[in-house]
Each structure stands twice: as structure tokens, then as C-alpha cells.
1. Could you check what % of the DSSP bridge pairs in the chain are antiparallel, to the nearest 5?
2. Percent antiparallel among DSSP beta bridges with both residues in the stretch 8-166, to the nearest 5?
3. On a full-extension model of 0.36 nm per residue, what is the gain between residue 191 and residue 261, subtracting their alpha-carbon distance, rounded to one decimal in nm?
4. Using a Gaussian network model of the chain with C-alpha springs under 10 Å, which one of 65, 91, 208 is most mobile by mean-square fluctuation?
5. Of 129, 254, 272, which is the most mobile in a GNM of the chain whose springs link Cα atoms less than 10 angstrom apart?
6. Distance cut-off 32 Å, Cα to Cα: go down the list 159/243; 5/243; 92/243; 92/225 and report the pairs above it.
7. Quick one, what does Rg over Rh come out to for the stretch 8-166 if you take C-alpha atoms and the Kirkwood Rh?
8. Give the Debye-formula value of log10 I(q)/I(0) at each listed q (0.08, 0.10 Å⁻¹), with one equal scatterer per alpha carbon of the chain, two decimals each.
Amino acid sequence: MENRKPVLGFIGLGVMGNPISSRFLAAGYPVIGYDVSPSAMDSFSAAGGQGAESALEVANSASIVFTSLPSIAVFRQVIAGAGGLIDGSAVKVVVDLSTVGGTATMEVAGALQGRNIELVDAPVSGGAAGARAGTLAVMIAGSTEAVERVMPILQILGKTFRVGDQAGHGQLMKLLNNMLSSTALAVTAEAYVAGTRAGLDPQTMMDVFNAGSGRNNATSDKFPKHVLPGTFDFGFPISSVCKDIGLAIEECQAFGVPMWLGGQARQIWQAAATQGGATDDLTSIVNIMERWSSDRE
Ligand code: NAD
């Protein structure tokens, strides 16, 4: 039978964009993609994707274009800047999977609306492993018509949650989630360093936390898979933790909430970044916490 699935566009084929676009390809969607990194383009082509020369070429070829971009500046430029998706002749819906915050998302959604292009705000949680396995949590906000159009495609990625009608609500949900997970990771690192210095066995500590009330995503996933084996390879740099927790605090403070605990966690992550850890994997916070701990008598 003829393949009637539409061609999808994809911009940003990195740690998340690579496995996500691969899932679309595996589900039978033709995908045309672009990334500034030649190695990202090579991996995409090897998975069966069609390479484009620019974001604009993608937007001239596909009516639905996904983005998974590293920063707010790149997000603004790629979608609404000169020669960006906004100038494309084919694109009707942009589905943004990045974490860039509500302010930039609403601004870009407004610019797109002026050209009759809809933005579906759809940040994801679950990391590269979740993207590969199709177990991401996808937080979706946008108009009913646009969301209904892309929902069957987003369902390929994992569990979908419609969190609002307005682009920006997905971002807020995602920032709240990341503030919880990064705060839990920082405090788990503190507990881990204290426990191991006192002579507790690392594996036993995780087993007890996970059977007890201290269980969180760091104890159940990040420590067993990326800290205890000494690989520190979850796939998310400390600089990006700072980006997300900074956005979370700013957006939450706008609602009048003091954000005392979140603010404290933000300072810990910023200190880690400014002391040489910015490009290190977020699970390296445990090594930085060890360095911060004073020598004992
Ligand atoms: P990444 O840096 O690995 O991927 C981003 C890609 O965008 C890179 O391949 C880069 O070359 C490309 N890029 C940069 N500028 C570009 C441009 N002008 N045009 C086209 N491509 C360009 O980042 P990532 O980890 O895949 O994260 C992407 C987004 O997803 C971020 O907003 C991040 O916060 C979010 N996110 C990441 C994770 C994770 O675990 N890594 C989980 C959930 C959400």
C-alpha cells in the first residue's frame, strides 16, 4: 500500500533530535532535517533521513516542522529570524520540543501567527534514553486544531499530556518538572557524598532510598545508571540545568511565589557551572559536591 504519511521537517538533530527523528522514520514518516553540525547530519542520514541545506529548505518542504534546539537565542533565530521557518512556503505547524521558557515561546508563537503558522509548544522529559525507547513525557499546549493534527505523531514519542490551549503552558509545566528533578539530583548528591564519606556502601544506599521514602528520579535512575558505574553520561550538561532552573525561578516568581528552595538549588547549579563544570554532564554534580566537601580532621 502507498505510504500516505506526510513528510515531517526536523531542525536540531542533537542528543534529543537524533533519536526523536529516528522514531518518526521508524514509524514510516519521511523526514527532512537540518542541523548546523555536519556529524548530526551524518547520523540523521544514516538513519534514513533526507538532509536539507537550511532550515528554510525544510520549511519549504514540510507542512509540519519539529524543532529541538539548544538555547533561547537559537530558537528565536531558527523559527522567527531572517531566513527562518517563518519564511517557509509549506510550513503550517511548528512543533517545538525544546525547553526555552514561556516568554520566548509566546513571542515566537505571536510572530508565527502573523503568517498563519501555528506553534505547538511540546517540551519533553525523559532524556535521550526515553527518546530512544518512546517513553518521553510530552507536555502539549496549542490550539485544538493544531494539537489534533500533530497528536498522532507526538504519541510515537511516549505519554502525551495536553496541558493548555496557549503556547507557553507546556514550557511552564516542563520547567516545573525540571526544577523538581534538578533539585532532587543536587540534594541526592549531598546525601551520597556524606554517606560514602561515612563509609556507607553506594549500592546499598541506593537500594535503601529506592525501597524507602527518599526515592526520586536521581536515586532510581541517574545514580544507578550514570553515577555508580562512573560513566557520568546521562546526556545533559550542567549549563542546560542552569538554563532550565533559571527560567523556572523567573517564571514562577512572576506568579508571586518566593521560590526559596528552587532558588537555593539554582545557586548550587550555577556555582557548579562557574567552577568549571558548565559542559560536564549533570550527573557530575556528585564529583563537584565531593570537591566542595572539606577535608576531615
Ligand atoms: P543538543 O545541543 O544536543 O542539540 C541541539 C542541536 O541543535 C545540535 O545538534 C546543534 O548543532 C543544533 N543547532 C544549533 N544551532 C542550530 C541552528 N542555528 N540551526 C540548526 N541546528 C542548530 O541539545 P539536546 O540535548 O538535544 O536538547 C535540545 C532541547 O531539548 C533543549 O532545549 C533541551 O533543553 C531540551 N531537552 C533536552 C533533554 C536532554 O536530556 N538532553 C531532555 C529534555 C529536553
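1. Numbers: 4 of 28 bridges.
The antiparallel proportion sits near 15 percent.
2. Details: 3 of 27 bridges.
That works out to approximately 10 percent antiparallel.
3. Working: separation 70, 0.36 × 70 = 25.20 nm, distance 1.65 nm.
Result: 23.6 nm gained on full extension.
4. 208
5. Maximum among the listed residues: 254.
6. On the way: 159/243 25 Å; 5/243 36 Å; 92/243 29 Å; 92/225 40 Å.
As for pairs spanning more than 32 Å Cα to Cα, those are 5/243; 92/225.
7. Details: Rg = 13.9 Å, Rh = 15.1 Å.
Dividing the radius of gyration by the Kirkwood radius yields 0.92.
8. -0.37, -0.57
Taken together, the values in this text are just the output of simple stated rules run on the coordinates, not laboratory data. Worth saying up front: this structure is predicted, and the values here are computed from it rather than measured. Heads up, the Cβs are rebuilt from the backbone with ideal geometry, glycines too, and the neighbour counts pull from every protein chain shown.
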